[in-house]
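The values are calculated or read from the model by the stated rules, or taken from the named source; none is laboratory data. Not measured: the values here are computed from a predicted model. No Cβ is skipped: glycine too gets one built from the backbone with ideal geometry, and neighbour counts run over all protein chains shown. To get the accessible areas, we keep the full protein, side chains included, count just its heavy atoms, and leave off ligands, DNA and RNA. Shrake-Rupley method; radii C 1.70, N 1.55, O 1.52, S 1.80 Å.
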Amino acid sequence: MSQLTDCVLAAVAEAKAAGADYTDAYCSDTVETSVEVERSSINFCATIRDQGMSVRAFSEGGSGMASVQRLDLESARECARRAVEMARATHPDLDFLALPEPCEVEPVASMFDEELVGLSADQFVKWCSAGIEEARSVADDAIVQGGVGCDWGDYALASSTGVCVSDRFSTVSMSFFVIIGRGDQVGTYFEQDMARRMSDFEPAGIAETAAREALRQLDARPVATGRMPIVLGPLATMSLVGSVIGAMNAESVQHSRSYLAGREGQSVASEYLTIREDPRIPAGMRSSAWDGEGVARTPMTLIDRGVLTGYLHNSYTAGKAGVPNNAHASRGGYSGTVGIGVSNVSLDLGPAPEAELIAEIDEGLYICYAGLSPNAVTGELSTTVDFGFKIDKGELTHPLSTTLIGTDAFELLGGIDAISSDYREEPGMILPSIRVSSVQVAGDN
């Protein structure tokens, strides 16, 4: 870790000496091991080590960035000099004010697990082989795709304002997509698990669940076109919530590329919907003590009983808007630009389990998964139901084929009339089911 800190501090010092008004440097040293399954066979296994750093420099309002795939002091200094050269070659941006000042913050617990670092590729192969056998135990003709991956490493960040932070991380994830054919019918489904520490990871049963759900998707039939209630399962809820949070990106709002522009402080959903963010959950998949610019992260309520509380800012968008920076800067690795992202999200739960939400519907749809991402600018949504079931008299009857949903973000969010009390949990995230009172559905009839 000290080598990484030395590199970012050297880069910052060099950029300042070269004339930068502001500068920051980020570097990482990561190892990734992955095993892939293709058509029920293990066809790829790799371990990759990736090292590198990037430097942002700001000079007289212009900004530049340079990156390098090495971690030594001379490379860090050269990278900084090139970043300053880039900054001097660009036109000034009057909306840039300054980089964030340093602040005191304690690291989040349990973000790194030595047990994961000690795992070998042989163990990943065993997990994948077991997954293939799990699926075949459900259906001997099951075709299995997917795999497992683990990455871990160190990163460091420093800036000319005095920010200097570093930390370690580890993650492991496993997913399987299972295909089962019966005559002219094909059933498919996927399942996954992810964690930052071995004690939270459960590889057994992932492929079996995917295979059992794939069998349930056989004999899919269309539904009649019309308006009806829908229930979104946890994975469908994840898709919808993720798209809504994406529309809260302040950069998109400032460029009029978000349907939530101008909606701050207004009702954008029904009172049943409250979305919270907590970046400091130990071992959370998206936990972090500070954002991509070193600003301390704190829990926030993003939507409070249907009301949009605000937008997600990094230092640039906050300065441009003249509002406090709420620490949502994100980095796409050492070679990526600084953008905006969110951490762990959860929804406030309702009083009744999913089964009761379904039982109260005479005719409707249960959506296991669909790409519920409204158009980022207009909010319009037209999407197919990837995995789902018809609801008749409070029961799931048959899987769906050729089924479309047509609506917009505000109708969908405003029509929420129940949140389940039970939920799917990934480390740091709580995802219940959601019921929407009425949505336009188009079937192949």
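Taking region 139-160, which residues are open to solvent by 40 Å² or more (accessible area, probe 1.4 Å) and under 21 Å from Ser110 (Cα atoms)?
Selection gives Asp151, Trp152, Tyr155.
Residues checked against (1) under 27 Å from the mean Cα position of the chain (by Cα); (2) on the phi > 0 side of the Ramachandran plot; (3) modelled with pLDDT of 95 or more:
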{"residue": "Asp24", "(1), (2), (3)": "yes, no, yes"}
{"residue": "Asp29", "(1), (2), (3)": "yes, no, yes"}
{"residue": "Gln51", "(1), (2), (3)": "yes, no, yes"}
{"residue": "Gly61", "(1), (2), (3)": "no, yes, no"}
{"residue": "Arg77", "(1), (2), (3)": "no, no, yes"}
{"residue": "Ala83", "(1), (2), (3)": "no, no, yes"}
{"residue": "Glu104", "(1), (2), (3)": "yes, no, no"}
{"residue": "Leu116", "(1), (2), (3)": "yes, no, no"}
{"residue": "Asp122", "(1), (2), (3)": "no, no, no"}
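Quick one: which residue in Ser252, Ser346 is in a helix (DSSP H, G or I) and either open to solvent by 20 Å² or more (accessible area, probe 1.4 Å) or of a type in the set (Asp, Glu) (or both)? Please lay out each step first, then the result.
On the way: Ser346 fails: in a helix (DSSP H, G or I).
Result of the check over Ser252, Ser346: Ser252.
Looking at Glu104, is it among the charged types (D, E, K, R), part of a loop (DSSP other than H, G, I, E, B), under 30 Å from Gln3 (Cβ atoms) and open to solvent by 60 Å² or more (accessible area, probe 1.4 Å)? Before you say what the answer is, go through the steps one by one.
Details: among the charged types (D, E, K, R): yes; part of a loop (DSSP other than H, G, I, E, B): yes; under 30 Å from Gln3 (Cβ atoms): yes; open to solvent by 60 Å² or more (accessible area, probe 1.4 Å): yes.
Criteria met by Glu104.
Return only the number of the condition from (1) polar (S, T, N, Q); (2) closer than 30 Å to Met194 by Cβ; (3) more than 31 Å from the chain's Cα centre (by Cα) that Gln69 does not satisfy.
Against the list (1) polar (S, T, N, Q); (2) closer than 30 Å to Met194 by Cβ; (3) more than 31 Å from the chain's Cα centre (by Cα), Gln69 comes up short only on (3).
Would you confirm whether or not region 295-315 contains a residue that is among the hydrophobic types (A, V, I, L, M, F, W, C), part of a loop (DSSP other than H, G, I, E, B) and on the phi < 0 side of the Ramachandran plot?
Residues of region 295-315 among the hydrophobic types (A, V, I, L, M, F, W, C): 295-296, 300, 302-303, 307-308, 312.
Next, only the ones that are part of a loop (DSSP other than H, G, I, E, B) stay: 295.
Remaining after also requiring on the phi < 0 side of the Ramachandran plot: 295.
Within region 295-315 (the criterion being among the hydrophobic types (A, V, I, L, M, F, W, C), part of a loop (DSSP other than H, G, I, E, B) and on the phi < 0 side of the Ramachandran plot), the answer is yes, since at least one residue qualifies.
Pick from Pro374, Pro432, Pro399: which is in a loop (DSSP other than H, G, I, E, B), touching a strand residue (DSSP E or B) at 6+ places or on another chain (Cβ under 8 Å) and either open to solvent by 10 Å² or more (accessible area, probe 1.4 Å) or modelled with pLDDT of 95 or more (or both)? Steps first, please.
Values: Pro432 fails: in a loop (DSSP other than H, G, I, E, B); Pro399 fails: in a loop (DSSP other than H, G, I, E, B).
After ruling out the rest, the residue left standing is Pro374.
Test of understanding: among Arg82, Arg136, which residue is under 13 Å from Thr23 (Cβ atoms), surrounded by 15 or more Cβ atoms within 10 Å (Cβ to Cβ) and charged (D, E, K, R)? Walk me through how you get there before you give the answer.
Details: Arg136 fails: under 13 Å from Thr23 (Cβ atoms).
Criteria check complete, one pass: Arg82.
When region 195-226 is examined, which residues are found to be in contact (Cβ under 8 Å) with a residue 12 or more places away in the chain and among the acidic types (Asp, Glu)?
Hits for region 195-226 are Asp200, Glu208, Glu213, Asp219.
Within region 117-170, which residues are β-branched (Val, Ile, Thr) and in a helix (DSSP H, G or I)?
Step one: of region 117-170, the residues β-branched (Val, Ile, Thr) are 117, 125, 132, 138, 143-144, 148, 161, 163, 165.
Scanning region 117-170 gives Val117, Val125, Ile132, Val138.
Considering only residues that are over 20 Å from Met111 (Cβ atoms), surrounded by fewer than 22 Cβ atoms within 10 Å (Cβ to Cβ) and touching a strand residue (DSSP E or B) at 6+ places or on another chain (Cβ under 8 Å), which ones fall in region 161-178?
Residues of region 161-178 over 20 Å from Met111 (Cβ atoms): 161-162, 175-178.
This time we only want the ones that are surrounded by fewer than 22 Cβ atoms within 10 Å (Cβ to Cβ), so: 161-162, 175, 177.
Thr161, Ser175, Phe177, listed by residue number.
On the basis of being open to solvent by 20 Å² or more (accessible area, probe 1.4 Å) and under 13 Å from Pro100 (Cα atoms), does Asn326 make the cut?
Numbers: open to solvent by 20 Å² or more (accessible area, probe 1.4 Å): yes; under 13 Å from Pro100 (Cα atoms): yes.
Considered against the rule, which asks whether it is open to solvent by 20 Å² or more (accessible area, probe 1.4 Å) and under 13 Å from Pro100 (Cα atoms), Asn326 comes out as yes.
If I go through region 202-252 residue by residue, how many of them are within 28 Å of Gln145 (Cβ to Cβ) and either under 18 Å from the mean Cα position of the chain (by Cα) or of a type in the set (Gly, Ala, Ser) (or both)?
Residues meeting the conditions: 19.
Any residue in region 113-126 that is within 22 Å of Ala25 (Cβ to Cβ) and surrounded by fewer than 15 Cβ atoms within 10 Å (Cβ to Cβ)? Before you say what the answer is, go through the steps one by one.
Residues of region 113-126 that are within 22 Å of Ala25 (Cβ to Cβ), as a first pass: none.
Looking through region 113-126, none of the residues is within 22 Å of Ala25 (Cβ to Cβ) and surrounded by fewer than 15 Cβ atoms within 10 Å (Cβ to Cβ).
In region 338-355, how many are free of Cβ contacts under 8 Å to residues at least 60 places away in the same chain and farther than 30 Å from Ser63 by Cβ? Let's see the steps before the verdict.
Here is the first cut: in region 338-355, the residues free of Cβ contacts under 8 Å to residues at least 60 places away in the same chain are 341, 355.
Of the ones still in play, those that are also farther than 30 Å from Ser63 by Cβ are 355.
Within region 338-355, residues that are free of Cβ contacts under 8 Å to residues at least 60 places away in the same chain and farther than 30 Å from Ser63 by Cβ number 1.
For residues that are open to solvent by 10 Å² or more (accessible area, probe 1.4 Å) and either in a helix (DSSP H, G or I) or under 30 Å from Ala121 (Cα atoms) (or both), tally how many sit in region 13-27.
Selection size over region 13-27: 5.
When you look at Leu4, is it closer than 20 Å to Phe169 by Cα and modelled with pLDDT of 95 or more, yes or no? Let's see the steps before the verdict.
Details: closer than 20 Å to Phe169 by Cα: yes; modelled with pLDDT of 95 or more: yes.
Yes, satisfied.
For region 187-217, how many residues are open to solvent by less than 30 Å² (accessible area, probe 1.4 Å), closer than 30 Å to Asp154 by Cβ and part of a helix (DSSP H, G or I)?
Total meeting the criteria: 1.
Six or more apart or on different chains, Cβ atoms under 6 Å: show the pairs whose first residue is in region 310-332 and in contact (Cβ under 8 Å) with a residue 40 or more places away in the chain and of a type in the set (A, V, I, L, M, F, W, C) and whose second is crowded, with 19+ Cβ neighbours inside 10 Å and part of a helix (DSSP H, G or I).
Matching pairs, first to second residue: Leu312/Ala250.
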